[in-house]
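Take a look at the structure below.
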Amino acid sequence: MLGSMMLMLAQVASPSPAVSDEVIVIGHRAEKELAACLARNCPPAEEVEASLQASVEQFADGRYDDARGTLKKAIGRNRNHAAELPGPVSRLYATLATVAEHQGDEDLWRTSARNNLLVLRRHLGDADSATLREELRFADSMIGLGSPDMADRTYKAVQLLATKAGHSNIAAVAAFRRAWLAMIRTRFSAAERFADEAVLLSGTDDRLMTELREILRTRIAIHKGDSGAVDALAARLRRSATARPQLLFAPALVDVNPTTAGNLMQSDPWHDARIRFADVGYWIRPDGRTAEVKVLRTSGLGQWFPGIIRQVSKRRYAPLDVEPGNPGLYRIDRFTVRATTGVSTSSRIIQRTGNLTIHIIDLTETDAMSAEHVRRTQEGFTGQGV
């Protein structure tokens, strides 16, 4: 459930993602540029950006430990520059939080998310728009870390503070995130009330927030057994192909934990140091349905492919407002399956313990995946591979 919930929240009026989406990298170019930057003692602003680019490249390449090391070293070198570079330094912490989430290091995930926020509070103030957006990201992390009550309190605090500071758009986003969290927890009356608040805060002319409220109402209807709710909503919505695709529905991911002692997967205890991930490419067709769902590369997720492919195949997005013949949009998602790291009661050695969970991040625009994205899109327009 966590993977599907966080995927949906990430697309609900989300703050900017931690990963970069501006530079096409071939091979390990970003790492080489970082090494060159450090060798010539480049300015802190340049070095932070180079570190971020290198860490994104490493993460997309599945080298989570390398990405973690790059970010921690960059933080060590640049934390004292937070006063003049609050945004860039906070991004180091935010990106480290993302890497830690996928690694399963919940302590590092929590502290990095908190430090990201503290940098902005200290140097920009509690009511700055950038700080408030990172408050939302911190609340999202609290959901992932199993603290939904804390997340709800944070969303509420952001809503009140943003309203007082005149940031009505951020207040509306916070209210809607409260609505989505309440819906996930089957508190449907509260969810609809918070969604109405979000629309009021954003203004009746805000088409996006009105559509988000309709999506939430559709999800509630589905939960209550209305199997035609998604089709009815899709018939009313259209989404620009240049905007981020709007996810209307995604089924819950399969439970990747074994249920019987005789399960064949028991031969692999999973609680080792490996990171198991898969990058899944898929088209969002103009009607909002997904197609051509394929695993582009993998590291140890073979036994879970069917469930992951099925989940992506059954997603529904808002139909695209495109010309006839347009193939739609090509996307790439990273699925990471891992247990958390910690110290068990019988050992002082840090190891993976507990249940496995699935974590998803959109890699489409990250540096290491952009070449595949461009190639697939070109194939779609020329009629190849469709």
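The values are calculated or read from the model by the stated rules, or taken from the named source; none is laboratory data. Just so it is clear, the structure is predicted and the values come from calculations on it, not from any experiment. Cβ coordinates were reconstructed from backbone atoms using ideal geometry, including for glycine residues, and neighbour counts include every protein chain displayed. Surface accessibility is based on the protein's heavy atoms, side chains included, excluding ligands, DNA and RNA. Shrake-Rupley method; radii C 1.70, N 1.55, O 1.52, S 1.80 Å.
Under the combined filter of DSSP loop state and at most 14 neighbouring Cβ atoms within 10 Å, region 39-120 retains these trypsin sites (Lys or Arg not before Pro): 40. Atom-type composition of the exposed protein surface of region 30-72 places 52 percent of the accessible area on carbon and sulfur (1.4 angstrom probe). Placing R0 at 22 angstrom, the Cβ-Cβ distance between residue 65 and residue 244 gives a FRET efficiency of 0.15 after rounding to 0.05. Straight-line reach from residue 224: taking Cα to Cα under 24 Å and skipping same-chain neighbours fewer than 8 places apart, the lysines in range are 314. Projecting label points 7 angstrom from Cα along Cα→Cβ for residue 189 and residue 147 puts them 2.9 nm apart. Of the trypsin sites (Lys or Arg not before Pro) found in region 288-339, those in coil by DSSP whose Cβ has at most 15 other Cβ atoms within 10 Å are 314. Applying the criteria of a DSSP loop state and at most 16 other Cβ atoms within 10 Å to the GluC sites (Glu not before Pro) of region 44-97 yields 84. At an R0 of 22 angstrom, the distance between the Cβ atoms of residue 235 and residue 205 translates into a FRET efficiency of 0.45. Remark: region 18-163 carries a charge dipole of roughly 380 debye about the Cα centre, counting +1 on each Lys and Arg Cβ and -1 on each Asp and Glu Cβ. Estimated at the nearest 10 Å², the accessible area of residue 173 is 20 Å² with a 1.4 Å probe. Accessible surface of residue 167, taken over heavy atoms with a 1.4 Å probe and every protein chain present, rounds to 50 Å². Candidate cross-link partners of residue 72 among the lysines, defined by an alpha-carbon separation under 19 Å and a same-chain spacing of 8 or more, comprise 32.
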